[in-house]
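These notes are about the structure you will find just below.
The values are calculated or read from the model by the stated rules, or taken from the named source; none is laboratory data. Owing to the predicted nature of the structure, the values given are computational and were not obtained by experimental measurement. Cβ placement follows ideal geometry from the backbone for every residue including glycine, while neighbour counts extend to all protein chains displayed. The protein model used for the area step is the full one, side chains on, heavy atoms only, and it has no ligands, DNA or RNA in it. Shrake-Rupley method; radii C 1.70, N 1.55, O 1.52, S 1.80 Å.
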Amino acid sequence: MAKYGPTRGELKFRLGFSLVGLVMMAVALTLHGVRGIASLEMVLIAGGFFGGTALWTLVKLIREDRT
């Protein structure tokens, strides 16, 4: 285990929070549809943030299990 950085519990929380954010964004797009630049902005910014955080966290959790 690394001396610095998030604990395993915090990584699990981040992963859960990111997945909930992605689901909420998908529900919003499904209910309201894609309309104009605002929808594109939502997908790029929110999807990038939640998706990137989920991927980064998943990689950290998998790598920690191997070491």
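Okay, here's what the table says:
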item: LEU55 - accessible surface, heavy atoms, 1.4 Å probe, Å² rounded to 10; result: 120
item: Cα→Cβ-extended label distance, 7 Å offset, between ALA26 and GLU64, nm; result: 2.5
item: Crossing angle, helix 8-32 versus the chain [Cα axis fit, 0-90 degrees, rounded to tens]; result: 10
item: For ILE37, solvent-accessible area (1.4 Å; no DNA, RNA or ligand), Å²; result: 130
item: Ellipticity estimate at 222 nm from DSSP helix runs (n ≥ 4, -39,500 (n - 2.57)) divided over the chain, nearest 500; result: -25500 deg cm²/dmol
item: Prolate/oblate/rounded label for the chain (Cα gyration tensor, a/c 1.5); result: prolate
item: Gained length - PHE49 relative to LYS3, 0.36 nm times residue gap less alpha-carbon distance; result: 13.9 nm
item: Degrees, to the nearest 10: 47-66 long Cα axis against longest axis of the chain; result: 20
item: Max mean-square fluctuation residue, GNM over the chain, Cα-Cα springs under 10 Å, options ALA38, ALA46, ALA54; result: ALA38
item: Accessible-area composition of the chain, carbon plus sulfur, in percent [1.4 Å probe]; result: 71
item: Relative contact order [Cα under 8 Å, 6+ residues apart], the chain, whole percent; result: 54
